[in-house]
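Chemist: Encoded as structure tokens, here's the structure I'll be asking about.
A short reminder: the numbers here are calculations on the coordinates, not readings from a lab. Keep in mind that this is a model prediction, so the values were computed, not measured. Here the Cβ positions follow ideal geometry from the backbone for every residue, glycine too, while neighbour counts run over all protein chains shown.
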Amino acid sequence: MQSTWSHLRPYLILGLAAVATAATGCAEVPTAIFRPVSPGAGAIQSLSVYLLVLAGLVLLLVETLLLLAVFRFRNRPEEMAVQTHGNLRLETGWTVATAIVIFGILGLTVRTMGEASSVPEAALPQSSAWPGDTLVLRVVGVQWWWRFEYPELGIVTANEVHVPVDRPIKLQLESADVIHSFWAPRLAGKTDMIPGQVNYSAFLATEPGVYEGECAEFCGVEHARMGFRVFVDSAADFSAWVRSQQSPASTPTSEEQRAGQEAFQRACSSCHAVAGTAAAGTLGPDLTHFGSRTTLAANTLSNTPENLARWLRDPQGVKPGNNMPDLRLDQATLEQLVAYLESLK
């Protein structure tokens, strides 16, 4: 009995792990892959369900045949195993059946790849027209953050992006350094971003909300902290957001904020841009409306004054290996910078 349990225990552990993983995918969390909110993500979910069911049926068949062989054809009493020649009909049958299954999976996968990277006409709202009503979004992956650009709207932002509900979004995906991969599980499938090459994808979000995204290709030491957020807004909310993003940066209103702006120009303007000021750096994220973002350091921390101070004080301690230098700020300058950056709504 003890020997039997020892043999079965690894399989039970693997089974429980598989159930836990599947449950995570269905949970009420922003990255739940089995809760799609776009036609493309829905196609990926359908393929995943087909493959899970098929894999379960194959597992059941194989294990049934294995147990049948163990109990039905075992020698009684134990003696030298009887060697027999292979059954040609049986071997041909399972080879053909395996080939049919594999080519069936291939066909479903190819179809899903097309559905996941485009917006089908049937999914478009009555008021929309593809591609005339498409919002173009240029996405650039950088170690380890995201630049989002709206070429038609003149907006540049970082790590958080807003899109309108029920409107096709065309993604132009690029990389500034190494291979990254754009993935918003509930909205779009994974698409690689390759240096020197432009790849394209598309999605149409059907439900307003906030959805998590991440880099799906190992790209260096901080790959796990290269996240982003997609805010799917109503038409009115998106229009309001566009108007706010197209306006210049907020003007400092307090002495502390003005001192912070001066410190920013001295220490940060060579890497970061703030529209309406002399800061025009492009190495780091655009900070024109930094104060209106919910996270910082590519979705690593919530955007609060305390976390911003922590980030400015020791960026390598928060996110080792990133390109943000240690500015060695004294406490007064640190507080001034925090006040200024948080005022950039």
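Chemist: Among the lysines, which fall within straight-line cross-link reach of K170, defined as a Cα-Cα distance under 28 Å, with same-chain neighbours fewer than 8 residues apart omitted?
Modeler: K190, K345
Chemist: While we're here: Which one, P285, P195, P168, has the greatest fluctuation when you compute a Gaussian network model over the chain with C-alpha springs under 10 angstrom?
Modeler: Among P285, P195, P168, the largest GNM mean-square fluctuation belongs to P195.
Chemist: Could you tell me the relative contact order of the chain? Use alpha-carbon pairs under 8 Å, at least six residues apart, and round to a whole percent.
Modeler: Normalised by residue count, the contact order of the chain is 15 percent.
Chemist: At 7 Å along Cα-to-Cβ for each site, give me the label-to-label distance between A278 and A332 in nm.
Modeler: 2.2
Chemist: Also, I was wondering about something else. Mind telling me which of A259, A97, A236 comes out most flexible in a GNM of the chain, alpha-carbon contacts under 10 Å?
Modeler: In the Gaussian network model the winner is A97.
Chemist: Taking θ = phi - 60°, what integer Hz values does the Karplus form 6.51 cos²θ - 1.76 cosθ + 1.60 yield along the stretch 157-165, in sequence order, with x for Gly and Pro?
Modeler: 9, 9, 6, 9, 9, 10, 9, x, 6
Chemist: A further question on this structure: Putting +1 on Lys and Arg Cβ atoms and -1 on Asp and Glu Cβ atoms, find which of S46, G154, L283 reaches farthest to the positive end of the dipole of the chain.
Modeler: Of the candidates, S46 comes out farthest on the positive side.
Chemist: Would you grab the residues whose amide H sits under 5 Å from the one on H162? Only those 5+ places off in sequence or on another chain, please, with H modelled 1.01 Å from N.
Modeler: The answer is F231.
Chemist: With θ taken as phi - 60° and the coefficients 6.51, -1.76 and 1.60, list the Karplus ³J(HN,Hα) couplings across the stretch 221-237 in order, rounded to whole Hz; mark glycine and proline as x.
Modeler: 4, 9, 3, 5, 10, 10, x, 8, 10, 10, 9, 8, 9, 5, 4, 5, 5
Chemist: Measuring from the lowest to the highest alpha carbon on each principal axis, how far does the stretch 255-342 reach, largest first, in angstroms?
Modeler: 29, 27, 23
Chemist: Take V53, V37, V274, V58 and order them by how many other Cβ atoms sit within 10 Å, fewest up front.
Modeler: If I rank by nearby Cβ atoms, fewest first, I get V53, V58, V37, V274.
Chemist: Pop the C-beta distance of L59 and I179 into the FRET formula with R0 = 30 Å and round what comes out to the nearest 0.05.
Modeler: 0.30
Chemist: What FRET efficiency comes out for the pair W94/R72, r = Cβ-Cβ distance, R0 = 22 Å, nearest 0.05?
Modeler: The computed FRET efficiency comes out at 0.75.
Chemist: Placing unit charges on C-beta atoms (Lys and Arg positive, Asp and Glu negative, everything else neutral), compute the dipole magnitude of the chain about its Cα centre in debye, rounded to 20.
Modeler: Its charge dipole is roughly 800 debye.
Chemist: What full-extension length gain, to one decimal in nm, is calculated for V82 and R313 as 0.36 nm per residue of separation minus the Cα-Cα distance? The partial results should precede the final answer.
Modeler: Numbers: separation 231, 0.36 × 231 = 83.16 nm, distance 7.51 nm.
Once the chain is fully extended between V82 and R313, it gains 75.6 nm.
Chemist: When the Karplus curve 6.51 cos²θ - 1.76 cosθ + 1.60 is applied with θ = phi - 60°, which whole-Hz ³J(HN,Hα) does each residue of the stretch 247-254 get, with x for Gly and Pro?
Modeler: Listing the rounded values in order: 7, x, 5, 4, 7, x, 10, 10 Hz.
Chemist: What percent antiparallel are the DSSP beta bridges of the chain, to the nearest 5?
Modeler: 70
Chemist: Okay, moving on. Here are a few candidate values for semi-axes √(5λ) of the Cα gyration tensor in Å: [x] 48, 20, 17; [y] 52, 31, 22; [z] 52, 26, 16. Which one was actually calculated from the structure I just gave you?
Modeler: Answer by label: [z].
Chemist: While we're looking at this one, here's another question. Within the stretch 162-179, which residues have the backbone N less than 20 Å from the label spot 7 Å out from A236 along Cα→beta-carbon, could you tell me?
Modeler: From the stretch 162-179, the list is 162-167.
Chemist: How would the stretch 208-324 be classified by its alpha-carbon gyration tensor: rounded, prolate or oblate, with rounded meaning a/c under 1.5 and the a/b versus b/c comparison settling the rest? It would help to have the intermediate numbers written out before the result.
Modeler: Values: a/c = 1.81, a/b = 1.07, b/c = 1.70.
Cα axes put the stretch 208-324 in the oblate bin.
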